Each structure stands twice: as C-alpha cells, then as structure tokens.
Amino acid sequence: MQKTKIAPSLLAADFGNLQRDVELVNRSAADWHHIDIMDGVFVPNISYGMPVLKAISEHATKPLDVHLMIVDPDRYIETFADLGAHVLTVHYEACTHLHRTVQAIKAAGMQAGVALNPHTPVSLLADIIQDLDLVLIMSVNPGFGGQSFIANTYDKIKALKQMMLEKNANCLIEVDGGVNAKNAKALVAAGANVLVAGSFVFKSKDPMATIKSLKD
C-alpha cells in the first residue's frame, strides 16, 4: 500500500515570500510542489509563468508537479522539461491530439499526466489510460484557488479506479481543489493517491502541521 502523496499548491503561497514558502514545503512532510500554470485563455485567470517556475526550481528540493491550464500546451513541453518539471499534466480539454502530447511529454523525460475538468467523464481516457503516469481529477472548476469541493469527485475517482483495473493500467490518481482535513480520508478511501491542497495549507496557522495532518 503506497502512502498518499501530498502536493501543496504554490498558487496559494505568499508570492512576496515565495522562496520561504518553497523551503517550507521542502522541510515539510509533503512529497511534491504543485505548480499551476494558467494562461487566462483556457481558464479565466493568469497565475505565473516560466521565470517564476525557474525561481521555484532553484529552491525546490522535491519534485515539481506542474499542471498546465493553458491552450496548446505542446508549444512548451521542452521548456518545462528544461525548467525541471518532474510531472507535466495537460488538460484533456486543451489537447486536440492527446496521444501525441503524452508521448512528447515522456520523450522529454517527464512523467505524463492528464487533467479532467469537473464535467469531463473519466471514460474519455479509456484509450490512453495505459500510457499515463497520472490522472488529475479537478474537484473544483479550474482557474481560481479557494473554491468549494464538488461532491461528484468521489464517484469519478471510483470510476477511474475501475477503468484502470479493467485496462490493467497503473497510474496515480491526483485530486485538486477544495481538499482539506474533512474530505482527505474519503478521497484516499475512494482511490486517490495524490492530494493537492493550496489555501488549506498556506492559509492555516501552521502549514507544516497542516501538511503533516494531511499526510497522516
């Protein structure tokens, strides 16, 4: 039984003290740094781009879990590999030729993930699930931090788990959006392996303790 990975989302960090918050994650019980790249086109918000990711990568000692919420992600696959991304996740809804995109991510030496918006069914991944290292289930509508959790997520995780069994696939199931102490256990019970938490971690009084409580 593999232990659940915790990936604090740096979108909720204090950008004025980004190095401090990256180092906090380094010292914590967390496993990955989760980094949301938004372009203001695919999602209605702009987060940060390559220069900020470069700065993060210079201080991070744990793997970078990069989630692209952008149109035409193929343009930047090599760039993110050069910046040290360990996992690169693209959105199903943003890729015209998903198989080609996934192969390009792997060819660049990264693990390949595919994210699904709340109303995109997991069944659409049936033909590609065996090629994936990770599936990211969005439990809020992407684009803004601090939203409340969509309850249908549990059923989606179970459906994905079932499909993986049928297809003999072995990828991680990551959940992002509204994850907190109240739903973490149920998400893991449903089959999630990686929990992304942003506001819940960085807005808490003691982020280190909050990460540890999620990990436990």
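The values are calculated or read from the model by the stated rules, or taken from the named source; none is laboratory data. Computed from a prediction, not measured in an experiment: that's the story for all the values here. Quick reminder, even Gly has a Cβ in these numbers, built from the backbone with ideal geometry, and neighbours come from all protein chains shown.
Tabulated values for the structure
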{"item": "Answer residue from segment 30-73, given it is assigned to a loop (DSSP other than H, G, I, E, B) and touching an Asp or Glu at 6+ places or on another chain (Cβ under 8 Å) and is farthest from GLY198 (Cα to Cα) among those", "result": "VAL71"}
{"item": "Residue that is modelled with pLDDT under 95, among the aliphatic types (A, V, I, L, M) and surrounded by fewer than 23 Cβ atoms within 10 Å (Cβ to Cβ), where the choices are ALA209, ALA151, ALA186, ALA190", "result": "ALA151"}
{"item": "All positions within segment 163-216 that are polar (S, T, N, Q) and closer than 23 Å to VAL114 by Cβ", "result": "ASN168, ASN170, ASN183, ASN193"}
{"item": "Residue list for segment 136-188, restricted to those being outside any helix (DSSP H, G or I), touching a helix residue (DSSP H, G or I) at 6+ places or on another chain (Cβ under 8 Å), under 21 Å from GLN111 (Cα atoms) and touching a residue at least 24 places away in the same chain (Cβ under 8 Å)", "result": "ILE137, ASN168, ALA169, CYS171, ILE173, VAL175"}
{"item": "The listed residue being within 17 Å of the chain's Cα centre (by Cα) and over 22 Å from LEU160 (Cβ atoms), out of VAL102, VAL25, VAL114", "result": "VAL25"}
{"item": "Scope segment 92-123; condition over 18 Å from ASP65 (Cα atoms) and of a type in the set (Val, Ile, Thr); matching residues", "result": "THR96, THR120, VAL122"}
